[in-house]
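All of the numbers you see were taken from the coordinates with simple rules; none came from a lab. As the structure is a computational prediction, the values presented were derived from the model and not from experiment. Cβ placement follows ideal geometry from the backbone for every residue including glycine, while neighbour counts extend to all protein chains displayed.
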Amino acid sequence: MSKISVLKFGGTSVKNIGRINHVVDIVSKQKNKCVVVVSAMGDTTDYLYDLAKRISATPNKREVDLLLSTGEQVSIALLTIALQERGIKAKSFTGAQIGIKTDNIHSCARIVDICKGSIRAALDEHDVIVVAGFQGQSDCGEITTLGRGGSDTSAVALAAAAGADECHIYTDVDGIFTTDPNKFPQAELLDTISYSETIELARAGAQVLHPRAAELARDFNIKLRVRNTFKPDNPGTLITGDSNVEKVCRVKGVALDSHQAYVSFIDIPWQFSFLTECETLFLRDNIIVDSVSQGKGSCENTRCVQLSLRYSDEAIFRTILDELKNQCGAKDVLIDLNVTRVSLVGAGIGNAPEIRSRAIATLNSARIEPRLYSSSESTISILIDEADSSRATQLLHDQFISLPEETECVAVTSPLTVGAHSSRQLAAASDSMRAGVS
Ligand code: ADP
Ligand code: ASP
Ligand code: MG
């Protein structure tokens, strides 16, 4: 069987007919058989979602999936017509037609299987097959979508299923940078980055790659490269195995996530199983709980719960919070959406307390108040006011990347989450933690 390459082109790369013809130029130079995965043209997905939202604040998810999946269907047909026009033997497939099977969670479905036989059969007959990203079909025959940015995941899953030799994610920037190059001119291009750092950067909000694409690439050991559609000869960023992880831990990137909320439920009756109910409701709408803290309420037998969360659609999020408030009988719910999570990412940095305290000190010295912070193996995340997000990113990038200083990894016990309501409380919490590890 001949070698196979998977090439994925995002929305800006297929924004109009001129760009589709440019994609044909790139594909026509490939020596291997190709699986080409495409996103919807330009902002089509936003446009389609907006149409649904003009009819309903909380549109039915099955119908939304059916609607959004049409964007990719337009791209595959147009690109295939353009390839055929240049004499290339090509055929297009929707996710369902090529056999991408998913679970049945509309709007954030996960791929459970891909029919290898249908990819092989299609590649036996054609030099290029063009597959719609972002979509699949559940076992009851429903069209599903994989979550915003999910075409990257389609590409890597297809690379795994096809036994591809390489997978190239073509986008509108030169590769993966130390922070978003479109917002921060000091961002530096990374030649290589490990799978685990890429996963953490993506989870922390760096849009350049869908988090599950990086997870799949690691699990199936796919050679993955992120490169610029408009400079196709540049090497871009190679995503590789984790080699230096144990030796030096250093901050590799800074990412921002503005889809964050800080929510306080005041005076919930103790007998209500609040957290269980939260998990069920949040799961239904792909709301991710980053941290939870509980304390006594102002009246007898009540408690207050503070949550930091990630949401995707504000109207749907507010509807769910209302539902939860009614169910649990809380006296009040305070919702703050003017928060952003800034994250430092680098293999092992979550276990290096000096990096964490330097980050907090850097922000404090610029009068940026961390509302809450947490760390895991390779990430230190700090929740701050949205208004401070650009300044915080610049300061942290300067401190840890532009003026690098290698830090030997000092392992401490377990990942940590600290919520704080005043800088005094925060400093006290930070002091006692430092005392605990020395
Ligand atoms: P595509 O449509 O090709 O999938 P996306 O818009 O999803 O492209 O992702 C590319 C964008 O990701 C870039 O234009 C850039 O603004 C943003 N981005 C955020 N963080 C990073 C980063 N660390 N490195 C590169 N790009 C980033
Ligand atoms: N078109 C979808 C989106 O805009 C999927 C993708 O581009 O990866 O999110
Ligand atoms: Mg994308």
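Please report the orientation-averaged projected area of the range 33-76, defined via the convex hull of its C-alpha atoms, in nm².
3.4 nm²
Counting other beta carbons within 10 Å of each Cβ, put V292, V38 in order, fewest first.
V292, V38
Over 25 Å between Cα atoms, which of K296/K331; K31/K101; K61/K101 qualify?
K31/K101
Rg and Dmax of the range 179-282, Cα atoms, in Å?
In Å, with Rg to one decimal and Dmax whole: 18.8, 63.
If neighbour count is taken as other Cβ atoms inside 10 Å, put T58, T280, T393 in order from fewest to most.
Going from least to most buried by this count: T280, T58, T393.
Along each principal axis of its Cα atoms, how long is the chain end to end? Whole angstroms, biggest number first, please.
Reported extents, whole Å, longest axis first: 74, 50, 33.
Taking amide H positions as placed 1.01 Å from N in the peptide plane, with prolines and chain starts having none, which residues 5 or more places from D113, or on another chain, fall under 5 Å of its amide H?
Counting only residues 5 or more places away or on other chains, the set is K101.
Please list, by residue number, everything in the range 137-162 whose backbone N is under 14 Å from a paramagnetic label point 7 Å out along Cα→Cβ of N104.
137-144
Kindly flag which residue pairs out of K8/K91; K33/K116; K15/K53; K8/K231 have an alpha-carbon separation exceeding 21 Å in this structure.
In this structure, K15/K53 exceed 21 Å between Cα atoms.
Along the three principal axes, how long is the range 231-376 when you take its alpha carbons, biggest first, rounded to the nearest angstrom?
59, 37, 29
Assign unit charges at the C-beta atoms only (+1 for Lys and Arg, -1 for Asp and Glu), then state the dipole size of the range 134-277 relative to its Cα centre in Debye, rounded to the nearest 20.
300 debye
So what is the relative contact order of the range 1-99, in percent, for Cα pairs below 8 Å that sit 6 or more residues apart?
Result for the range 1-99 is 28 percent.
Residues with beta-carbon under 13 Å from that of S118, excluding S118: net charge, scoring Lys, Arg +1 and Asp, Glu -1?
Local charge sum for S118: +1.
Give me the percent of Cα-Cα pairs in the range 67-206 that sit more than 26 Å apart, rounded to a whole number.
32 percent
Nearest 10 degrees is fine. How inclined is helix 17-28 to the longest principal axis of the chain, computing both from alpha carbons?
Around 70 degrees separate the two axes.
For the pair S2/Q186, report the inter-label distance in nm, with labels modelled 7 Å from Cα in the Cβ direction.
So the label points at S2 and Q186 sit 4.9 nm apart.
Just from its helices, what would the mean residue ellipticity at 222 nm be for the chain, if runs of 4 or more DSSP H residues each count -39500 (n - 2.57) and the sum is divided by every residue, rounded to the nearest 500 deg cm²/dmol?
-11000 deg cm²/dmol
Order of S154, S273, S258, S13 from fewest to most other C-beta atoms within 10 Å?
S273, S258, S13, S154
Roughly speaking, what % of Cα-Cα pairs in the range 162-228 are separated by over 18 Å, rounded to a whole number?
32 percent
In nm, give the distance between the simple-model label positions of L51 and K89, each being 7 Å from the Cα along the Cα-to-Cβ direction.
3.7 nm
Mind checking the angle between helix 116-125 and the chain's longest principal axis? C-alpha axes, 0 to 90 degrees, to the nearest 10.
The answer is roughly 30 degrees.
Using Cα-Cα distances under 8 Å and only pairs 6 or more residues apart, what relative contact order does the chain have, in percent?
Taking the mean separation of contacting Cα pairs over the length of the chain, I get 12 percent.
Mind putting a number on the dipole of the chain about its Cα centre? Charges go on the C-beta only, +1 for Lys and Arg and -1 for Asp and Glu, and I need it in Debye to the nearest 20.
It works out to roughly 600 debye.
Could you calculate the FRET efficiency of E166 with N301 from 1/(1 + (r/R0)^6), where r is the beta carbon distance between them and R0 is 51 Å, rounded to 0.05?
The pair E166/N301 has a calculated efficiency of 0.25.
Across the range 81-144, how large is the tail of the calculated P(r) beyond 16 Å, expressed as a percent of all Cα pairs?
Counting pairs separated by more than 16 Å, the tail of P(r) holds 47 percent.
Which of S293, S107, S264 moves the most in a Gaussian network model of the chain with Cα springs under 10 Å?
In this elastic network of the chain, the residue with the biggest mean-square fluctuation among S293, S107, S264 is S293.
Over the Cα atoms of the range 103-173, compute the convex hull volume and normalise it per residue, giving Å³.
Enclosed volume per residue, from the Cα hull, is 99 Å³.
How many nm separate the modelled label positions at I81 and Q271, each set 7 Å beyond the Cα in the direction of the Cβ?
The two pseudo-label positions are separated by 6.6 nm.
Kirkwood Rh over Cα pairs of the range 304-391 into Stokes-Einstein at 4 °C, 1.567 mPa s: D in µm²/s?
For the chosen part, D equals 87 µm²/s.
Would you kindly derive the ³J(HN,Hα) couplings of the range 313-321 from the backbone phi angles with the Karplus curve 6.51 cos²θ - 1.76 cosθ + 1.60 (θ = phi - 60°), listing them in order in whole Hz, with x for Gly and Pro?
3J(HN,Hα) across the range 313-321, in whole Hz: 10, 4, 5, 5, 4, 5, 4, 5, 5.
Going from the alpha-carbon gyration tensor of the range 39-146, what semi-axes, largest first and in whole Å, does one get by taking the root of 5 times each eigenvalue?
Ellipsoid semi-axes (Å, largest first): 26, 18, 7.
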